[in-house]
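Asker: First, the structure itself, so that you have it in front of you.
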Amino acid sequence: MKRSSVRRLAGFFLVLVTAGALGLAGATPAMAAATGTVKTAGDPLNVRRAPSTSSTAVRTVANGATVTIDCQTTGTSVAGPLGTTTLWDYVPALGGYISDSYVYTGSDQRIAPDCGVGSGSAECSTGVCAGEGQFRSSDAHFLVYDKDADGKSAVVAYWLKGGAGPFYVWASGGNGTHVDKAVPVAKGSWVYYKVCVANAAANPTLEACSGGITDYAA
C-alpha cells in the first residue's frame, strides 16, 4: 500500500556531514528493490519524469501491471484508490515515478530504499515544474529539461565530493528543449543537486529550486 514519509536532506551542509559519515563511498540500502501492483479504476496510470503531478508524463502503465520499485521518495500529495500519500515510487523499467497511492505493495510502510542510492533520481523546480532534472547513475549524466516559456532557463546546480561547487548544467534552448551532459562523478562517489530556473549566467540567481537530493554514480 503506501504511507510514511521520506527523510529529505535539509541542506548542503547536512549532505556533507551525512556523506562523510558514510565514508563517501556510497550507501548500502537497508532494503532491496520491491514489487507492487498498479491499482486504478481501470484507466492507465501516468508515469512522471519527477515525483510531482506537474512533471511531464513520460508514458503510462496499465491497471494490474506488476512493477519493480527501485526506490521511493516524497513529492506532491496524491489521492488514489489506496489512500492519500506524498510517497512516490521510482520504476526504472518505466523511466520514471508513479504515485504510491496507486500501487498495492501489501504494506503500509516503505518497501524500498530512499531514492539517491545509485539507482537514479529526478527532481523538478517548485510551482509548475518549469525545470526538470534527472541524474542517470549508470553513466553519471544529468538530463535537464526546460518545459515552460517563461523566459528563464532550467538549470541543475550540483556539488561534488569534498564540497566543490556549485557547478551548473543548463537547458537554455527554450521551452521543450533538453540537454544530456556527463559530469565528473567517479563510480561510487556522490553528487548533491537541486533543480531550479534562472537567467543563464556564470553566477546565476537561482529561483524556484527543488529541495535537493544526493545520489551516487553506480
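Asker: Mind listing the phi-derived Karplus ³J(HN,Hα) values for region 116-132, rounded to whole Hz, using 6.51, -1.76 and 1.60 with θ = phi - 60°, and x for any glycine or proline?
Answerer: Here the 3J(HN,Hα) series is x, 10, x, 9, x, 7, 7, 9, 9, 5, 6, x, 8, 6, 5, x, 10 Hz.
Asker: GNM, the chain, Cα, under 10 Å: largest mean-square fluctuation among ALA171, ALA41, ALA62?
Answerer: So, out of ALA171, ALA41, ALA62, the one fluctuating most is ALA41.
Asker: Now a separate question. Using alpha-carbon positions, what is the distance between the centroids of region 153-218 and region 54-71, in Å?
Answerer: For region 153-218 versus region 54-71, the Cα centre distance is 25 Å.
Asker: Let me ask you something else. For the chain, list log₁₀ I(q)/I(0) at each q in 0.10 Å⁻¹, using the Debye formula over Cα point scatterers of equal strength and ignoring solvent, two decimals each.
Answerer: Log10 of I(q)/I(0), two decimals: -0.41.
Asker: Continuing with the same structure: Return the Rg/Rh ratio of region 31-104 with Cα-based radii and a Kirkwood Rh.
Answerer: 0.91
Asker: Residue-wise, which Karplus ³J(HN,Hα) couplings in Hz belong to region 165-178, taking 6.51 cos²θ - 1.76 cosθ + 1.60, θ = phi - 60°, and x for glycine or proline?
Answerer: Each residue of region 165-178 in turn: x, x, 10, 9, 10, 9, 10, 10, x, x, 3, x, 9, 8 Hz.
Asker: Something else now. Which residue, THR56, THR74, THR35, tops the fluctuation ranking in a GNM of the chain built on C-alpha contacts under 10 Å?
Answerer: So, out of THR56, THR74, THR35, the one fluctuating most is THR35.
Asker: On a straight-distance basis, which lysines could pair with LYS147 in a cross-link, Cα separation under 17 angstrom, same-chain partners fewer than 8 positions away excluded?
Answerer: Hits, sequence-local ones excluded: LYS194.
Asker: Which whole-Hz ³J(HN,Hα) couplings does region 145-152 yield from phi under the Karplus relation 6.51 cos²θ - 1.76 cosθ + 1.60, θ = phi - 60°, glycine and proline marked x?
Answerer: For region 145-152, the Karplus-derived couplings read 10, 9, 10, 8, 7, 9, x, 9 Hz, x marking Gly and Pro.
Asker: Can you tally the net charge around GLY131? Count Lys and Arg as +1, Asp and Glu as -1, for every other residue whose Cβ sits under 14 Å from the Cβ of GLY131.
Answerer: That sum, taken over residues with Cβ under 14 Å, equals -2.
Asker: Something else: Any idea what the dipole of region 31-104 comes to, in debye rounded to 20, about its Cα centre with Lys/Arg Cβ at +1 and Asp/Glu Cβ at -1?
Answerer: 140 debye
Asker: With everything on Cα atoms, drop me the angle between helix 12-21 and the longest principal axis of the chain, reported from 0 to 90° to the nearest 10.
Answerer: 70 degrees
Asker: Another question about this same structure. Count the net charge of all other residues whose Cβ sits under 11 Å from the Cβ of ARG49, scoring Lys and Arg as +1 and Asp and Glu as -1.
Answerer: +1
Asker: Quote the relative contact order of region 109-218 in percent (integer), defining contacts as alpha-carbon pairs under 8 Å separated by 6+ residues.
Answerer: 31 percent
Asker: Quick check on the chain: helices-only [θ] at 222 nm, where DSSP H runs of length 4 and up contribute -39,500 (n - 2.57) each and the sum goes over total residues. Nearest 500, please.
Answerer: -1500 deg cm²/dmol
Asker: Which net charge results for the neighbourhood of LEU94, defined as the other residues with beta-carbon distances under 12 angstrom from its beta-carbon, given Lys and Arg at +1 and Asp and Glu at -1?
Answerer: Net charge around LEU94: +1.
Asker: Quick one: which residues, 5+ away or cross-chain, put their amide H under 5 Å from the amide H of VAL58? H built at 1.01 Å from N.
Answerer: VAL47, ARG48, ARG49
Throughout, read-outs are computed from the coordinates displayed, never taken from laboratory work. Computed from a predicted structure; not experimentally measured. For neighbour counting, all protein chains shown are included, and Cβ atoms are generated from backbone atoms with ideal geometry for every residue, glycine included.
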